Amino acid sequence: MKKLKFSLSRTERGVKRSYAVDFVMYGLLLVLGIIMVIPFVFAISNALKPLSEFFYFPPRIRVENPTLENFKDLFRLMSDSWVPFSRYIFNTVFITVVGTAGHIILSSMCAYALAKHNFPGKNWIFGLIVTSLMFRGEVTTIPSFMVFSKLHLINSYSSYILPALSSTLGLYLMKQFMEQMVPNEILESARMDGAGEFYVFWKMAMPMVKPAWLTLMMLSVQNLWNLGSTTYIRSEELKTLNYALQQILTGGIARSGTAAAAMVLMMIVPIIIFIFSQSNIVETMSTSGMKD
Amino acid sequence: MKKKEKRNLKQYMGRLWHDMKVHRTSYLFIAPYCILFFIFTVLPVLMSIALSFTSFNILEPPKFVGFSNYFRLFFTDSIFTEKAIGNTFVIALIVGPVGYILCLMLAWMLNELPHILRTILTVVFYAPTIAGNVYMIFQYLFNNDSQGYINAMLIRYGIIQKPILWFQDEKYMLGLIIAIALWTSIGTTFLSFIAGLQGIPKQYYEAGAIDGVKNRWQELYYITLPSMKPQLMFGAVMSITGGFGVGSIVTALCGLPSTNYAAHTVMNHLEDYGNVRFEMGYASAIATLLFIIMVASNKIIQRLLSKVGE
């Protein structure tokens, strides 16, 4: 298996670097880093603020008496909502888990055939997939709604899950990774030993592309976990966590602590997943390149 | 002559059919994904194109009206021609290229850092993309009243006298939307660049130094960029698509429609006609146009990028 070396220490590199430029660059990085982080710091500080501190003028970022009151409030507020709060949590977790697992399996199967088989129509299908990377799904909301209603998918979990299964970015990355990282010889020798094609795919190719399926997992979780209100869902019992939390955001200043707590809860899950899969994702992206 | 052609076609079809039968396992592998892909991606695009030539309000069956939706879009819809198109291009031309260059710059600078620091900063820069709609935080930062952080600061230092209605004032809306879109633009492109940079063998740099590459700017232009060209192409696709797709941020922060349509994008126009006014034929024309703009600009940029380092 081709393995990329990810260790380039600066002394090994070719030309000399001037310290002045280094200084400017690190300064710039630091400034940009701070700009990126400020909104997050702000959300976390609001989430930990007691109500009284919200009325300080001028408002401060530093919290004097940090409290978990907002998180408790969030759960209290949610426990007397119309639909039990646990239902929203269940919905989001269910959609995310099923959608992500399905997406990884379906797109790996398709990516495997596109990367390692040679069949009529293959390039044509891959061309379509690359083209679909070039526009946003939102462009087709109207016809999508008609398709959903014809298939009787309105107001069901499938309306969240089915489109997510065929997300194209995941398939694209998986195909590129398989093509470059899975050697044909290994697959060939397994076939010679009489292994069926599905066995070769599942037992040979799949274990070799672990970084890629972690990447697909991250992209899919990021997408499904953050799903909010859609026109496809009518009944309250099927709505998502993000939808429920969005409702709090409209509550004005008295609710800003609770809203910030909700925001922190929502973003923490995908961020943690990203932190743990980060190096695998970067490895997958190394094969993401597009040929002209 | 004709007979021969016919036989050739027949032979060709026969061979194709034979090939397809030989590869039936391949089709089994791609079938589940491809069926969903056709239903949820390809079919809606085709339907959108077809509907754009009709007048359709969901209740009555679509009626064919030729190009009249497009005529209306270009000649009588002044909100579209004067606001939406302009705003969309301003946003796309800033968010796309600036976001792209920002991604490249960040990735390039991060590449020289020690591993731990690089990991932390990667998470920091990518966080706005994964964290879903955290951009709602900006609603608090730029709150309208004097409790908003930015207003409070500006008032405190005497720069302004009374709070600014950030997301309602035509003067600030577009700028703010661009800044926030940029904040969320360090996405897949950035990750792809980091990976591309890490994959360049260090021998290239050593060889470059021997061949007379003098400083890191030359190194960047002659060695780094050409070696990561495939990633540059992929990143361009992601950035352009992102730039033209700015719409939900506008709706979430400025409302639909935004004051005097000052931040109205084609995406918002589509939302307005599709989800609010239910003029589906017309909305489909907008969607088709946006689709063509996105794909065409991608193709053009790809053509240009393929010349990098040549």
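The values are calculated or read from the model by the stated rules, or taken from the named source; none is laboratory data. Since this is a predicted model, take the numbers as computed values, not measurements. Heads up, the Cβs are rebuilt from the backbone with ideal geometry, glycines too, and the neighbour counts pull from every protein chain shown.
If you check every pair at least six apart or on different chains, which have Cβ atoms under 6 Å apart with a residue in region A:264-284 that is assigned by TED's automatic domain parsing to the domain that holds A:PRO211 first and a residue that is surrounded by 15 or more Cβ atoms within 10 Å (Cβ to Cβ) and outside any helix (DSSP H, G or I) second?
Listed pairs, sorted by first residue: A:MET267/B:ALA131.
Would you check if A:GLY127 is surrounded by fewer than 16 Cβ atoms within 10 Å (Cβ to Cβ), at positive phi and more than 9 Å from chain B (Cβ to nearest Cβ)?
On the way: surrounded by fewer than 16 Cβ atoms within 10 Å (Cβ to Cβ): yes; at positive phi: no; more than 9 Å from chain B (Cβ to nearest Cβ): yes.
For A:GLY127, the condition - surrounded by fewer than 16 Cβ atoms within 10 Å (Cβ to Cβ), at positive phi and more than 9 Å from chain B (Cβ to nearest Cβ) - is not met.
Of a type in the set (A, V, I, L, M, F, W, C) and more than 10 Å from chain B (Cβ to nearest Cβ): which single residue out of A:ALA101, A:ALA111 fits that description?
Among A:ALA101, A:ALA111, only A:ALA101 is of a type in the set (A, V, I, L, M, F, W, C) and more than 10 Å from chain B (Cβ to nearest Cβ).
Just to be sure I understand, how many residues within region B:271-284 are out of contact with any helix residue (DSSP H, G or I) (no Cβ under 6 Å at 6 or more places or on another chain) and facing chain A (nearest Cβ under 9 Å)?
Here the count works out to 2.
From the residues in region B:20-59 that are within 24 Å of B:MET280 (Cβ to Cβ), surrounded by 17 or more Cβ atoms within 10 Å (Cβ to Cβ) and small (Gly, Ala, Ser), which one is farthest from the other protein chains (Cβ to nearest Cβ)?
My answer is B:SER52.
Of the residues B:ILE177, B:ILE200, B:ILE223, which single one is among the β-branched types (Val, Ile, Thr), at negative phi and not in a helix (DSSP H, G or I)?
Residue meeting the stated conditions: B:ILE200.
Can you pull out the residues in region B:208-239 that are facing another protein chain (nearest Cβ under 7 Å) and under 29 Å from B:ALA181 (Cα atoms)?
Those that are facing another protein chain (nearest Cβ under 7 Å) and under 29 Å from B:ALA181 (Cα atoms): B:PRO230, B:GLN231, B:MET233, B:PHE234, B:VAL237.
Identify all residues within region A:76-115 that are among the aromatic types (Phe, Trp, Tyr) and either modelled with pLDDT under 80 or under 30 Å from B:PRO163 (Cα atoms) (or both); write none if there are none.
Result: A:TRP82, A:PHE85.
Output the residues belonging to region B:147-170 that are at the interface with chain A (Cβ under 7 Å from one of its Cβ atoms) and either crowded, with 17+ Cβ neighbours inside 10 Å or closer than 22 Å to A:LEU29 by Cβ (or both).
Selection gives B:GLN147, B:TYR149, B:ALA152.
Could you please let me know if B:VAL123 is within 7 Å of chain A (Cβ to nearest Cβ), out of contact with any Gly (no Cβ under 6 Å at 6 or more places or on another chain), within 30 Å of A:GLY27 (Cβ to Cβ) and assigned to a helix (DSSP H, G or I)?
Yes, satisfied.
When the residues of region B:252-270 are narrowed to those that are surrounded by 22 or more Cβ atoms within 10 Å (Cβ to Cβ) and facing another protein chain (nearest Cβ under 10 Å), which ends up farthest from the chain's Cα centre (by Cα)?
Among them, the one singled out is B:LEU270.
Restricting the search to region A:134-191, which residues are closer than 25 Å to A:THR287 by Cβ, without any contact (Cβ under 8 Å) to a residue 12 or more places away in the chain and in a helix (DSSP H, G or I)?
A:GLU185, A:GLU188, A:SER189, A:ARG191 - these are the residues of region A:134-191 that are closer than 25 Å to A:THR287 by Cβ, without any contact (Cβ under 8 Å) to a residue 12 or more places away in the chain and in a helix (DSSP H, G or I).
Going by the structure shown, is B:PHE80 away from every other protein chain (no Cβ under 12 Å), among the hydrophobic types (A, V, I, L, M, F, W, C) and without any contact (Cβ under 8 Å) to a residue 40 or more places away in the chain?
For B:PHE80, the condition - away from every other protein chain (no Cβ under 12 Å), among the hydrophobic types (A, V, I, L, M, F, W, C) and without any contact (Cβ under 8 Å) to a residue 40 or more places away in the chain - is not met.
Conditions tested, residue by residue: (1) at pLDDT 85 or above; (2) of a type outside the set (Val, Ile, Thr); (3) in contact with a helix residue (DSSP H, G or I) (Cβ under 6 Å, 6 or more places away or on another chain); (4) assigned by TED's automatic domain parsing to the domain that holds B:GLY175.
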| position | (1), (2), (3), (4) |
| --- | --- |
| B:GLU5 | no, yes, no, no |
| B:LYS10 | yes, yes, no, no |
| B:PHE37 | yes, yes, no, no |
| B:ILE79 | yes, no, yes, yes |
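Within region B:110-120, which residues are assigned to a loop (DSSP other than H, G, I, E, B) and free of Cβ contacts under 8 Å to residues at least 40 places away in the same chain?
Scanning region B:110-120 gives B:GLU112, B:LEU113, B:PRO114.
Kindly indicate the residue of region A:247-269 that is farther than 17 Å from A:GLU69 by Cα and at pLDDT 75 or above and also surrounded by the fewest Cβ atoms within 10 Å (Cβ to Cβ) among those meeting that condition.
A:ILE268
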